[in-house]
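Remarks on the structure that follows.
Every number here is computed from the coordinates shown, using simple stated rules; none is lab data. Bear in mind that the values here come from a model prediction, so they are computed numbers and not experimental data. Methodologically, a virtual Cβ is constructed for each residue, glycine included, from the backbone with ideal geometry; neighbour enumeration extends over all protein chains shown.
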Amino acid sequence: MTTLLILIVLALVAIAIWQMTKIFELSQLKTESSQIANDDDNKNNGYMLFAFLIFIYAITIFSFWKYSKFLLPEAASAHGADYDYLMLVSFAIIFFVQTITQALLHYFGYKYRGEKNKKALFYADNDRLEFIWTIIPVIVLAGLILWGLYTWTNIMDVNDEDDPLIVELYAQQFNWTARYGGEDNVLGKANVRMIDIDRANVLGLDEADTYAADDVIVKELHLPVGRKVNFKMRSQDVLHSAYMPHFRAQMNCVPGMTTEFSFTPIKTTAEMRQNADVADKVRRTNAIRAERAANGEDNSDPWEFDYILLCNKICGKSHYNMQMKIIVETQEEYEEWMKSQQTFGQLMATNEPGPAFNTPLGADRN
Ligand SMILES: [Cu+2]
């Protein structure tokens, strides 16, 4: 409501300025009333072009200085560095070209402004010039596209080499569930048609499939550092997108099909918390939270960095809060944690009510 009022006030102020300008123009009877721009008008417009050029350069520098800290910290996956490098080079080229072309555009706009007695030069074409300004973008763009395709193919090569850990990410409005293949590292068959809410089979696992019994279903994803993970994504209802920004990973979750993504985490959660950018972000966030605490507002508990899985497709009302914590730890810590989890078979065998998954607090069914 306040925003609407502000917009209305701004519109009224703009109308008032426009009307006052009109009155001012009408009162200047002595000046030329011609609608055709004269030399002075053209010169003034030329100077304004320079002012605008300075404005866009200044705002660019200001944005770099002020907002760079909101960028993601260094990648925590094996492929992440390639991905970041490709993006950095693409941005550097775009930035360099745009800085020069903007300056030329504005300068020529000023230099060849309209002037009395100035005549435009008739210049039909110049094959050499056209060749140069065609071939340079062709070479640069072809290079970027080929490099991009090469990087993309490498990242999207989901295969079973190097004994990857198999993990299913199951999306539904509005939460994530993860499933491990268990001892045999093979996921049991599952289908949304086999979901049995009464019997707590929330992911629709095929109970007759022998691979399903040892599957481990969790609400907090633990990954051992240095081991490749093959993710198999499913969705129960609408399009979701599994987005793990720190690992430079994203893949749509599509109802009725399984999509895949694979990466190797290379930094444990504990190591990432030591990263200078991450530590700085935690410090800044906790300063805001301390202020909130002092004012008695909520969301004021001190925050600690964790990797996160987010939904990156607007999938409904609570999309913004569809997330799951990811913990990357050493092989020993991972095994220890895995031991404390109950398998799908064990959870189905108990007669307690509640969905058949392990909660982050422990393998209980509440
Ligand atoms: Cu979603």
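Modelled spin labels at Thr285 and Asp157, positioned 7 Å past Cα toward Cβ, are 3.5 nm from each other.
Peptides 204-216, 119-131 ranked from most to least packed give 204-216, 119-131, packing being the mean of other C-beta atoms within 10 angstrom over each peptide's residues. Can you list the aspartates and glutamates whose alpha carbon sits under 20 Å from that of Lys66, skipping same-chain ones fewer than 8 residues off? Partners found: Glu74, Asp277, Asp280. Here's how it looks for Ala249: its modeled amide H is under 5 Å from those of Met244, which are all 5 or more places away or on a different chain.
Pairs of lysines in segment 165-349 whose Cα atoms sit within less than 17 Å of one another amount to 6, provided the residues are eight or more positions apart or on different chains.
Residue separation of Thr258 and Lys118 scaled by 0.36 nm, minus their Cα-Cα distance, works out to 43.6 nm of gained length. Helices in the chain, meaning DSSP H runs of at least 4 residues, each add -39500 (n - 2.57). Divided by all residues, the mean residue ellipticity at 222 nm is -14500 deg cm²/dmol. Where a ≥ b ≥ c are the square roots of the eigenvalues of the C-alpha gyration tensor, would you call the chain rounded, which needs a/c under 1.5, or, failing that, prolate if a/b is larger than b/c, or oblate? Because a/c hits 1.5 or more and a/b exceeds b/c, the chain counts as prolate. A simple spin-label model places pseudo-atoms 7 Å from Cα toward Cβ; at Leu7 and Leu239 they are separated by 2.7 nm. Hydrophobic, long helices, defined as DSSP H runs whose alpha-carbon span along the helix axis is 24 Å or greater and whose mean Kyte-Doolittle value is at least 1.0, occur in the chain at 2-27, 127-155.
Rounded, prolate or oblate: which fits segment 51-165 when a ≥ b ≥ c are the square roots of the eigenvalues of the alpha-carbon gyration tensor, with rounded for a/c under 1.5 and prolate only if a/b beats b/c? Cα axes put segment 51-165 in the oblate bin.
Taken as Cα centroids, segment 179-217 and segment 257-316 sit 30 Å apart, rounded to the nearest whole angstrom.
For segment 208-214, the Karplus equation 6.51 cos²θ - 1.76 cosθ + 1.60, evaluated at θ = phi - 60°, returns couplings of 7, 7, 5, 6, 6, 4, 8 Hz by residue, with Gly and Pro reported as x.
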